[in-house]
Amino acid sequence: MNAIVFSAPFTAEFDANNQEFSLAGVIRPHSVDEIAATISMLKSAIADVRGVLHINLRRLVQMNNTAFQAISRVVLDACRARPDLRFVVVTSSVVGWTERMFTHLNRIEPRVTVEVYDSKFYPGQSFVEDTSFIPILRTQTKMTWRHERTILPRHGMRPGIVMADICCGIGDFAILVKKEFQPTRIVALDHSKASLDYARDMAARFGIADVEYTYGDASEMLLEDNQFDLVTCRHSLQIFNRPTALLKELYRICKPGGRVYITNEKNSHCLGEPRSQSIQWTYDEVAKLFSHFEMDVEFGPKSRRHLVDAGFDDILVESFMVTNLDGDPQDFADVIAAWEQVYAGEMAVKRGDPPEFIERFRQGFRDHIFAALHPKGYAGWPIWAASGRKPL
(Lines give C-alpha, C1' and ligand atoms only; values in the text may rest on other atoms or scores of the structure.)
Protein backbone atom coordinates (compact mmCIF):
# COMPACT_ATOMS: atom_id res chain seq x y z
CA MET A 1 0.00 0.00 0.00
CA ASN A 2 1.33 3.44 -0.95
CA ALA A 3 0.46 6.41 1.26
CA ILE A 4 1.11 10.14 1.36
CA VAL A 5 0.54 12.23 4.49
CA PHE A 6 0.45 15.97 3.83
CA SER A 7 1.07 18.95 6.08
CA ALA A 8 -2.56 19.82 5.47
CA PRO A 9 -4.94 17.49 7.37
CA PHE A 10 -5.51 14.87 4.70
CA THR A 11 -4.05 11.60 3.47
CA ALA A 12 -4.07 9.72 0.18
CA GLU A 13 -3.47 5.98 -0.13
CA PHE A 14 -3.48 3.39 -2.88
CA ASP A 15 -4.03 -0.27 -2.03
CA ALA A 16 -2.98 -2.23 -5.11
CA ASN A 17 -4.30 -5.53 -3.75
CA ASN A 18 -7.83 -4.19 -3.41
CA GLN A 19 -7.54 -1.72 -6.32
CA GLU A 20 -8.64 1.08 -4.00
CA PHE A 21 -7.56 4.72 -3.94
CA SER A 22 -8.56 6.42 -0.66
CA LEU A 23 -8.78 10.04 0.45
CA ALA A 24 -9.35 11.09 4.06
CA GLY A 25 -9.46 14.34 5.99
CA VAL A 26 -9.77 17.89 4.62
CA ILE A 27 -8.61 18.69 1.07
CA ARG A 28 -8.81 22.40 0.36
CA PRO A 29 -5.91 23.45 -1.91
CA HIS A 30 -5.61 27.01 -3.25
CA SER A 31 -4.20 25.58 -6.47
CA VAL A 32 -3.85 22.18 -8.11
CA ASP A 33 -0.07 22.38 -7.56
CA GLU A 34 -0.65 21.87 -3.82
CA ILE A 35 -2.12 18.40 -4.45
CA ALA A 36 0.20 17.43 -7.32
CA ALA A 37 1.46 14.39 -5.39
CA THR A 38 -2.12 13.19 -4.84
CA ILE A 39 -2.98 13.60 -8.51
CA SER A 40 0.19 11.75 -9.47
CA MET A 41 -0.71 8.88 -7.13
CA LEU A 42 -4.20 8.68 -8.63
CA LYS A 43 -2.78 8.55 -12.17
CA SER A 44 -0.34 5.81 -11.13
CA ALA A 45 -3.20 3.86 -9.55
CA ILE A 46 -5.20 4.11 -12.77
CA ALA A 47 -2.23 2.84 -14.75
CA ASP A 48 -1.84 -0.15 -12.42
CA VAL A 49 -5.41 -1.42 -12.15
CA ARG A 50 -7.54 -3.58 -14.39
CA GLY A 51 -11.31 -3.70 -14.39
CA VAL A 52 -12.52 -1.49 -11.52
CA LEU A 53 -10.80 1.19 -9.44
CA HIS A 54 -12.57 2.04 -6.20
CA ILE A 55 -12.20 5.63 -5.01
CA ASN A 56 -12.91 5.53 -1.27
CA LEU A 57 -14.19 8.83 0.17
CA ARG A 58 -15.83 7.45 3.32
CA ARG A 59 -13.54 9.45 5.61
CA LEU A 60 -13.24 12.58 3.51
CA VAL A 61 -14.51 15.46 5.67
CA GLN A 62 -14.18 18.36 3.22
CA MET A 63 -13.13 18.92 -0.39
CA ASN A 64 -13.17 22.25 -2.20
CA ASN A 65 -13.98 22.77 -5.87
CA THR A 66 -10.30 23.02 -6.88
CA ALA A 67 -9.62 19.49 -5.65
CA PHE A 68 -12.89 18.11 -7.00
CA GLN A 69 -12.26 19.51 -10.49
CA ALA A 70 -8.68 18.18 -10.57
CA ILE A 71 -9.68 14.66 -9.51
CA SER A 72 -12.71 14.66 -11.81
CA ARG A 73 -10.55 15.61 -14.79
CA VAL A 74 -8.18 12.68 -14.16
CA VAL A 75 -11.08 10.24 -13.84
CA LEU A 76 -12.89 11.47 -16.96
CA ASP A 77 -9.69 11.48 -19.03
CA ALA A 78 -9.00 7.90 -17.90
CA CYS A 79 -12.51 6.80 -18.93
CA ARG A 80 -11.91 8.14 -22.43
CA ALA A 81 -8.45 6.62 -22.71
CA ARG A 82 -9.30 3.27 -21.06
CA PRO A 83 -12.62 1.79 -22.25
CA ASP A 84 -11.82 -1.33 -20.19
CA LEU A 85 -11.81 0.60 -16.90
CA ARG A 86 -14.68 1.45 -14.53
CA PHE A 87 -14.66 3.66 -11.44
CA VAL A 88 -16.74 3.12 -8.29
CA VAL A 89 -16.77 6.13 -5.96
CA VAL A 90 -17.55 4.90 -2.43
CA THR A 91 -19.16 7.53 -0.21
CA SER A 92 -21.07 7.58 3.07
CA SER A 93 -24.42 9.15 3.98
CA VAL A 94 -22.57 10.80 6.88
CA VAL A 95 -20.77 13.03 4.37
CA GLY A 96 -23.64 13.31 1.92
CA TRP A 97 -22.08 16.12 -0.12
CA THR A 98 -19.62 13.60 -1.62
CA GLU A 99 -22.51 11.64 -3.12
CA ARG A 100 -24.02 14.80 -4.59
CA MET A 101 -20.74 16.02 -6.05
CA PHE A 102 -19.57 12.75 -7.57
CA THR A 103 -22.99 11.73 -8.90
CA HIS A 104 -22.45 14.61 -11.32
CA LEU A 105 -19.61 12.58 -12.87
CA ASN A 106 -22.00 9.68 -13.48
CA ARG A 107 -24.20 11.97 -15.57
CA ILE A 108 -21.19 12.82 -17.72
CA GLU A 109 -19.66 9.32 -17.82
CA PRO A 110 -21.79 6.22 -17.00
CA ARG A 111 -18.67 4.18 -16.21
CA VAL A 112 -18.29 6.27 -13.03
CA THR A 113 -20.79 5.06 -10.44
CA VAL A 114 -21.40 6.16 -6.86
CA GLU A 115 -22.02 3.65 -4.07
CA VAL A 116 -23.27 4.80 -0.66
CA TYR A 117 -21.34 2.50 1.64
CA ASP A 118 -23.49 2.51 4.75
CA SER A 119 -26.78 1.94 2.93
CA LYS A 120 -25.57 -1.66 2.48
CA PHE A 121 -23.63 -1.93 5.72
CA TYR A 122 -26.70 -1.73 7.99
CA PRO A 123 -29.15 -4.32 6.63
CA GLY A 124 -31.39 -4.11 9.71
CA GLN A 125 -31.18 -0.36 10.14
CA SER A 126 -34.81 0.38 9.32
CA PHE A 127 -35.95 -1.91 12.15
CA VAL A 128 -33.67 -0.63 14.90
CA GLU A 129 -34.05 3.06 13.98
CA ASP A 130 -37.86 3.10 13.99
CA THR A 131 -38.80 6.19 16.05
CA SER A 132 -41.86 4.40 17.48
CA PHE A 133 -39.34 2.23 19.36
CA ILE A 134 -37.92 5.21 21.31
CA PRO A 135 -40.07 4.92 24.48
CA ILE A 136 -39.15 1.25 24.79
CA LEU A 137 -35.45 2.03 24.32
CA ARG A 138 -35.72 4.35 27.32
CA THR A 139 -37.36 1.58 29.35
CA GLN A 140 -34.67 -0.91 28.32
CA THR A 141 -31.92 1.47 29.42
CA LYS A 142 -33.67 2.06 32.74
CA MET A 143 -33.76 -1.70 33.31
CA THR A 144 -30.15 -2.38 32.32
CA TRP A 145 -28.78 0.72 34.11
CA ARG A 146 -29.59 -0.82 37.49
CA HIS A 147 -26.93 -3.41 36.71
CA GLU A 148 -24.51 -1.40 34.59
CA ARG A 149 -24.01 1.43 37.08
CA THR A 150 -22.48 -1.18 39.40
CA ILE A 151 -20.28 -2.98 36.89
CA LEU A 152 -19.06 -0.02 34.80
CA PRO A 153 -16.26 0.99 37.23
CA ARG A 154 -14.75 -2.47 36.77
CA HIS A 155 -14.58 -1.78 33.02
CA GLY A 156 -12.79 1.59 33.18
CA MET A 157 -15.50 4.08 34.12
CA ARG A 158 -14.38 6.76 36.57
CA PRO A 159 -14.75 10.51 37.13
CA GLY A 160 -12.70 12.85 34.97
CA ILE A 161 -12.20 10.60 31.94
CA VAL A 162 -12.76 11.45 28.29
CA MET A 163 -15.19 8.96 26.80
CA ALA A 164 -17.11 8.19 23.63
CA ASP A 165 -20.47 6.43 23.44
CA ILE A 166 -20.63 4.94 19.95
CA CYS A 167 -24.04 3.94 18.55
CA CYS A 168 -25.49 6.06 21.33
CA GLY A 169 -29.07 5.76 20.08
CA ILE A 170 -31.41 8.11 21.92
CA GLY A 171 -28.60 9.29 24.21
CA ASP A 172 -30.07 8.23 27.55
CA PHE A 173 -27.03 6.13 28.53
CA ALA A 174 -24.70 9.10 27.98
CA ILE A 175 -26.89 11.29 30.20
CA LEU A 176 -26.97 8.69 32.96
CA VAL A 177 -23.18 8.31 32.80
CA LYS A 178 -22.71 12.08 32.92
CA LYS A 179 -24.90 12.43 36.01
CA GLU A 180 -23.46 9.39 37.82
CA PHE A 181 -19.75 9.41 36.98
CA GLN A 182 -18.94 12.97 35.77
CA PRO A 183 -16.51 12.35 32.90
CA THR A 184 -14.94 15.58 31.68
CA ARG A 185 -16.07 15.00 28.09
CA ILE A 186 -18.52 12.69 26.33
CA VAL A 187 -18.80 12.34 22.56
CA ALA A 188 -21.97 10.42 21.66
CA LEU A 189 -22.19 9.24 18.05
CA ASP A 190 -24.99 7.57 16.11
CA HIS A 191 -26.12 6.93 12.55
CA SER A 192 -29.79 7.83 13.16
CA LYS A 193 -30.61 11.52 12.83
CA ALA A 194 -34.02 10.98 14.45
CA SER A 195 -32.43 9.36 17.51
CA LEU A 196 -29.87 12.16 17.81
CA ASP A 197 -32.59 14.81 17.60
CA TYR A 198 -34.37 13.06 20.44
CA ALA A 199 -31.10 12.78 22.40
CA ARG A 200 -30.39 16.50 22.13
CA ASP A 201 -33.93 17.37 23.22
CA MET A 202 -33.69 15.05 26.21
CA ALA A 203 -30.30 16.44 27.24
CA ALA A 204 -31.71 19.96 27.12
CA ARG A 205 -34.69 18.85 29.22
CA PHE A 206 -32.34 17.52 31.91
CA GLY A 207 -30.09 20.58 31.75
CA ILE A 208 -27.08 18.67 30.41
CA ALA A 209 -25.27 20.78 27.85
CA ASP A 210 -21.85 19.13 27.60
CA VAL A 211 -22.59 15.84 25.83
CA GLU A 212 -21.41 16.21 22.22
CA TYR A 213 -24.02 14.39 20.11
CA THR A 214 -22.53 13.65 16.69
CA TYR A 215 -23.90 12.12 13.48
CA GLY A 216 -21.58 9.49 12.09
CA ASP A 217 -20.94 6.07 10.64
CA ALA A 218 -19.60 3.87 13.44
CA SER A 219 -17.58 1.79 10.99
CA GLU A 220 -15.82 4.85 9.49
CA MET A 221 -15.81 7.47 12.24
CA LEU A 222 -14.52 10.97 11.55
CA LEU A 223 -12.85 10.96 14.97
CA GLU A 224 -9.12 11.14 15.59
CA ASP A 225 -6.99 8.20 16.71
CA ASN A 226 -6.11 7.55 20.36
CA GLN A 227 -8.28 10.19 22.03
CA PHE A 228 -10.67 8.45 24.48
CA ASP A 229 -9.99 6.84 27.86
CA LEU A 230 -13.16 4.76 27.57
CA VAL A 231 -15.21 3.86 24.49
CA THR A 232 -18.63 2.31 25.04
CA CYS A 233 -20.76 0.54 22.43
CA ARG A 234 -23.89 -1.06 23.80
CA HIS A 235 -26.23 -3.55 22.07
CA SER A 236 -24.76 -2.63 18.69
CA LEU A 237 -22.18 -5.16 17.51
CA GLN A 238 -25.05 -7.66 17.38
CA ILE A 239 -26.95 -5.62 14.77
CA PHE A 240 -24.00 -4.97 12.43
CA ASN A 241 -23.32 -7.47 9.71
CA ARG A 242 -19.55 -6.82 10.05
CA PRO A 243 -18.85 -6.37 13.77
CA THR A 244 -15.09 -6.73 13.24
CA ALA A 245 -15.09 -3.50 11.22
CA LEU A 246 -16.81 -1.68 14.06
CA LEU A 247 -14.44 -3.12 16.67
CA LYS A 248 -11.50 -1.96 14.58
CA GLU A 249 -12.82 1.61 14.77
CA LEU A 250 -13.49 1.38 18.51
CA TYR A 251 -9.88 0.21 18.94
CA ARG A 252 -8.57 3.06 16.77
CA ILE A 253 -10.16 5.91 18.70
CA CYS A 254 -9.33 4.45 22.14
CA LYS A 255 -6.15 5.69 23.85
CA PRO A 256 -3.40 3.15 24.52
CA GLY A 257 -4.13 1.92 28.02
CA GLY A 258 -7.80 2.86 27.66
CA ARG A 259 -10.69 0.42 27.49
CA VAL A 260 -13.51 -0.44 25.11
CA TYR A 261 -16.74 -1.61 26.78
CA ILE A 262 -19.42 -3.51 24.85
CA THR A 263 -22.73 -5.10 25.75
CA ASN A 264 -24.57 -7.67 23.67
CA GLU A 265 -27.24 -10.33 24.08
CA LYS A 266 -27.97 -13.98 23.50
CA ASN A 267 -31.66 -13.88 22.74
CA SER A 268 -32.10 -17.65 22.67
CA HIS A 269 -31.34 -17.54 26.41
CA CYS A 270 -34.30 -15.31 27.21
CA LEU A 271 -36.47 -17.31 29.59
CA GLY A 272 -39.69 -17.37 31.54
CA GLU A 273 -41.80 -19.51 33.81
CA PRO A 274 -44.59 -20.55 33.51
CA ARG A 275 -45.01 -21.44 29.79
CA SER A 276 -41.28 -21.92 29.36
CA GLN A 277 -41.45 -24.17 26.28
CA SER A 278 -43.39 -21.65 24.21
CA ILE A 279 -41.05 -18.87 25.32
CA GLN A 280 -37.94 -20.90 24.49
CA TRP A 281 -39.23 -21.76 21.01
CA THR A 282 -39.94 -18.14 20.16
CA TYR A 283 -36.53 -16.85 21.24
CA ASP A 284 -34.77 -19.60 19.34
CA GLU A 285 -36.67 -18.30 16.32
CA VAL A 286 -35.71 -14.69 17.13
CA ALA A 287 -32.06 -15.64 16.69
CA LYS A 288 -32.81 -17.23 13.32
CA LEU A 289 -34.86 -14.21 12.24
CA PHE A 290 -32.07 -11.75 12.99
CA SER A 291 -29.57 -14.00 11.24
CA HIS A 292 -31.73 -13.75 8.10
CA PHE A 293 -31.17 -9.98 8.18
CA GLU A 294 -27.41 -10.44 8.78
CA MET A 295 -27.57 -9.59 12.49
CA ASP A 296 -26.37 -11.77 15.35
CA VAL A 297 -28.38 -11.46 18.58
CA GLU A 298 -26.43 -14.44 19.93
CA PHE A 299 -23.28 -12.28 20.05
CA GLY A 300 -22.99 -11.87 23.84
CA PRO A 301 -20.85 -14.94 24.75
CA LYS A 302 -18.73 -14.37 21.62
CA SER A 303 -17.53 -11.01 22.98
CA ARG A 304 -14.27 -12.29 24.43
CA ARG A 305 -13.17 -13.94 21.19
CA HIS A 306 -13.93 -10.81 19.16
CA LEU A 307 -12.09 -8.54 21.60
CA VAL A 308 -9.02 -10.82 21.49
CA ASP A 309 -9.10 -10.89 17.69
CA ALA A 310 -9.33 -7.08 17.60
CA GLY A 311 -6.08 -6.79 19.56
CA PHE A 312 -7.30 -5.99 23.08
CA ASP A 313 -5.77 -7.45 26.24
CA ASP A 314 -6.78 -7.57 29.94
CA ILE A 315 -10.25 -8.69 28.85
CA LEU A 316 -13.08 -8.80 31.37
CA VAL A 317 -16.39 -10.53 30.61
CA GLU A 318 -19.43 -10.78 32.88
CA SER A 319 -23.14 -11.28 32.41
CA PHE A 320 -26.26 -10.15 34.20
CA MET A 321 -29.93 -11.05 33.95
CA VAL A 322 -32.52 -8.31 33.55
CA THR A 323 -35.75 -9.64 35.08
CA ASN A 324 -39.34 -8.80 35.90
CA LEU A 325 -38.15 -8.33 39.48
CA ASP A 326 -36.00 -5.33 38.50
CA GLY A 327 -38.45 -2.64 39.48
CA ASP A 328 -41.92 -2.62 37.92
CA PRO A 329 -42.79 -5.92 36.14
CA GLN A 330 -44.88 -3.87 33.71
CA ASP A 331 -41.67 -2.31 32.37
CA PHE A 332 -40.43 -5.77 31.44
CA ALA A 333 -43.79 -6.61 29.86
CA ASP A 334 -43.77 -3.38 27.84
CA VAL A 335 -40.34 -4.20 26.40
CA ILE A 336 -41.47 -7.67 25.33
CA ALA A 337 -44.64 -6.24 23.77
CA ALA A 338 -42.47 -3.88 21.70
CA TRP A 339 -40.26 -6.78 20.63
CA GLU A 340 -43.34 -8.67 19.48
CA GLN A 341 -44.49 -5.70 17.42
CA VAL A 342 -41.15 -5.29 15.63
CA TYR A 343 -39.99 -8.90 15.36
CA ALA A 344 -43.31 -10.61 14.59
CA GLY A 345 -45.19 -7.67 13.17
CA GLU A 346 -42.53 -6.29 10.85
CA MET A 347 -39.39 -8.41 10.48
CA ALA A 348 -41.11 -11.79 10.14
CA VAL A 349 -43.56 -10.32 7.63
CA LYS A 350 -40.70 -8.87 5.59
CA ARG A 351 -38.95 -12.25 5.66
CA GLY A 352 -42.12 -13.74 4.16
CA ASP A 353 -43.13 -16.00 7.06
CA PRO A 354 -46.60 -17.63 6.78
CA PRO A 355 -49.45 -16.52 9.10
CA GLU A 356 -49.44 -19.75 11.11
CA PHE A 357 -45.73 -19.30 11.93
CA ILE A 358 -46.21 -15.66 12.88
CA GLU A 359 -49.10 -16.54 15.20
CA ARG A 360 -47.00 -19.15 17.04
CA PHE A 361 -44.09 -16.68 17.08
CA ARG A 362 -46.32 -14.03 18.67
CA GLN A 363 -47.59 -16.49 21.25
CA GLY A 364 -44.13 -16.94 22.73
CA PHE A 365 -43.83 -13.20 23.34
CA ARG A 366 -47.29 -13.15 24.89
CA ASP A 367 -46.33 -16.05 27.15
CA HIS A 368 -43.20 -14.17 28.16
CA ILE A 369 -45.39 -11.21 29.12
CA PHE A 370 -47.65 -13.60 31.05
CA ALA A 371 -44.63 -14.91 32.98
CA ALA A 372 -43.43 -11.37 33.70
CA LEU A 373 -46.79 -10.28 35.13
CA HIS A 374 -47.73 -13.52 36.89
CA PRO A 375 -47.62 -13.07 40.70
CA LYS A 376 -45.43 -16.18 40.96
CA GLY A 377 -43.74 -15.88 37.56
CA TYR A 378 -40.20 -15.14 36.49
CA ALA A 379 -38.99 -13.65 33.22
CA GLY A 380 -35.39 -12.98 32.23
CA TRP A 381 -33.36 -11.26 29.53
CA PRO A 382 -29.57 -11.97 29.66
CA ILE A 383 -26.90 -9.38 28.82
CA TRP A 384 -23.15 -9.92 28.37
CA ALA A 385 -20.89 -7.00 29.31
CA ALA A 386 -17.26 -7.15 28.19
CA SER A 387 -14.30 -4.85 27.91
CA GLY A 388 -10.73 -4.95 26.74
CA ARG A 389 -7.71 -2.72 27.17
CA LYS A 390 -5.88 -1.25 24.20
CA PRO A 391 -2.22 -2.20 24.78
CA LEU A 392 0.26 0.55 25.64
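Here are the numbers:
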item	result
Cβ pairs under 8 Å, 6+ apart, first in segment 227-255 and within 17 Å of H191 (Cβ to Cβ), second of a type in the set (A, V, I, L, M) and open to solvent by 20 Å² or more (accessible area, probe 1.4 Å)	I239/V128; L247/A310; K248/A310; L250/A310; I253/L223
Residue in segment 346-359 that is farthest from the chain's Cα centre (by Cα), counting only those that are in a helix (DSSP H, G or I) and crowded, with 16+ Cβ neighbours inside 10 Å	I358
Any pair with Cβ under 6 angstrom, 6 or more apart, that starts in segment 376-392 at a residue that is farther than 30 Å from R366 by Cβ and modelled with pLDDT under 95 and ends at one that is basic (K, R) and outside any loop (DSSP other than H, G, I, E, B)	none
Residue ranges of helices (runs of 4 or more DSSP H) in segment 129-217 with at least 1 members more than 17 Å from V231 (Cα to Cα), open to solvent by 20 Å² or more (accessible area, probe 1.4 Å) and of a type outside the set (D, E, K, R)	134-151, 193-205
Filter result (under 19 Å from R305 (Cβ atoms), surrounded by 21 or more Cβ atoms within 10 Å (Cβ to Cβ) and of a type in the set (S, T, N, Q)) within segment 261-294	T263, N264, N267
Selected residue (criterion: most open to solvent (accessible area, probe 1.4 Å)) from residues of segment 296-332 that are closer than 22 Å to F370 by Cβ and in a strand (DSSP E or B)	M321
Test result for T113, in a helix (DSSP H, G or I), closer than 28 Å to S192 by Cα, of a type outside the set (D, E, K, R) and in contact with a strand residue (DSSP E or B) (Cβ under 6 Å, 6 or more places away or on another chain)	no
Pairs, first closer than 19 Å to F320 by Cβ in segment 270-283, second of a type in the set (S, T, N, Q) and surrounded by fewer than 22 Cβ atoms within 10 Å (Cβ to Cβ), C-beta under 9 Å, six or more apart	C270/Q280; L271/Q280; G272/S278; G272/Q280; Y283/S268
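The values are calculated or read from the model by the stated rules, or taken from the named source; none is laboratory data. As the structure is a computational prediction, the values presented were derived from the model and not from experiment. We place every Cβ from the backbone using ideal geometry, glycine too, and count neighbours over all the protein chains shown. Heads up: the accessible areas ignore ligands, DNA and RNA and are worked out on the full protein's heavy atoms, side chains in. Shrake-Rupley method; radii C 1.70, N 1.55, O 1.52, S 1.80 Å.
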